[in-house]
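The structure appears right after this line, and notes come after that.
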Amino acid sequence: MFIPLYDSNRLRHIRMQYVTLGLIAINVIAYFVTSLGSEEFATAAVFGLGYIPSVVHDLAELSPDLIIIPEDLSYVTYSFLHGDILHLGGNMLFLWVFGDNVEDALGHFRFLVFYLLCAVAGAFLHGLILPDSQTPLIGASGAIAGIVVAYLILYPRVKVWVLAFARIPLRIPAWIPLVLWVLFQFLMIAIGGDDEVSWAAHVGGIVAGAVLVLVLRRRDVPLFADAEAAVPSPEKTEAPAMPEPATPEPPTAQPAPRWGRQ
């Protein structure tokens, strides 16, 4: 539908989006480590680190040779694995375009907490809807969905460059593509869309992101701002008036001194 390319929403509270860049690096490294190894290694990583609802809900057991971490940690670790380069590239593009401003609005540490909790919420709703699924859930889409809705709430009027239908470049207010994207996720979960995509994970991330951004944002960050309104305008101060040169008073007549005794 829309592919985000660039926004002109500058950073205001931080100098560099360290957490956003770090998350992108971790996702990319995890993808190449798992994809460049053998097929057995990749399968072991997906089953050992992916979120499997039936295993987490104690409806099935994972083979002992595939156990890498405690099963509850898979609520987070699944989000750093991706199935192919397009899956990885799409998520990282959204994170690159929108993540820096959400990090700026929340602060580094709270943004990291926000990202991980949105990932957890995505896995939680996926497991709630498909509790007996034995298919591993992987991908950062739940966390990315939280970032998308947070950006929508914070900066809906900021102009962004997008590719409409992957072909037509447009510069439009952020709320247009992001509202359509959010509505599309709810539509797909309602009609039971593509089985290879966890629309529930997307919706879980959206709901968590909408709530968490209200709680975790900086106190001075407004909601529903545009790029200009979000920047506090410098107060106008009048230049101090230069004091007028003092006009010397005319000398007063002094009585003539009297010498001798008084």
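Accessible area per residue for the chain in Å², computed with a 1.4 Å probe and the full protein assembly in place, what is it? Write down the numbers at each step before the final one.
Working: 15540 Å² over 262 residues.
Spelled out: the 1.4 Å probe surface of the chain, per residue, equals 59 Å².
Can you list the GluC sites (Glu not before Pro) in the stretch 1-103 that are in a DSSP coil and have 10 or fewer other beta carbons within 10 angstrom?
Numbers: sites: E39, E40, E61, E71, E103; in loops: E61.
Counting only loop positions with at most 10 other Cβ atoms within 10 Å, the GluC sites (Glu not before Pro) in the stretch 1-103 are E61.
Within the chain, which is the longest segment that contains none of the chymotrypsin sites (Phe, Trp or Tyr not before Pro) sitting in a DSSP loop with at most 15 other Cβ atoms within 10 Å?
It works out to 1-164.
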Given 20 °C, 1.002 mPa s and a Kirkwood radius over Cα pairs, the Stokes-Einstein diffusion coefficient of the chain in µm²/s is 102
Counting Lys and Arg as +1 and Asp and Glu as -1, each charge on the Cβ, what is the dipole of the chain about the Cα centre in debye, to the nearest 20? 1720
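Which of the trypsin sites (Lys or Arg not before Pro) found in the stretch 144-226 are in a DSSP loop and have at most 11 neighbouring Cβ atoms, other than their own, within 10 Å?
Details: sites: R157, K159, R167, R171, R217, R218, R219; in loops: R157, R167, R217, R218, R219.
Filter output for the stretch 144-226: R167, R219.
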Segment A190-I29, length gained on full extension (0.36 nm per residue, minus Cα span): 54.5 nm
Sorted from largest down, what three extents in whole angstroms do the Cα atoms of the stretch 1-79 have along their principal axes? 49, 30, 29
So for the chain, taking the charge dipole from beta-carbon charges (+1 Lys/Arg, -1 Asp/Glu), which of A105, L180, G205 sits furthest toward the positive end? A105
Please report, as a whole percent, how much of the solvent-accessible surface of the stretch 66-215 comes from carbon and sulfur atoms (probe radius 1.4 Å). 72
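The values are calculated or read from the model by the stated rules, or taken from the named source; none is laboratory data. No experiment lies behind these values; they were computed from the predicted model shown. With ideal geometry, Cβ positions are generated from the backbone for all residues, glycine too; neighbour counts draw on all protein chains shown. Note: areas computed on protein heavy atoms with side chains; ligands, DNA, RNA excluded. Shrake-Rupley method; radii C 1.70, N 1.55, O 1.52, S 1.80 Å.
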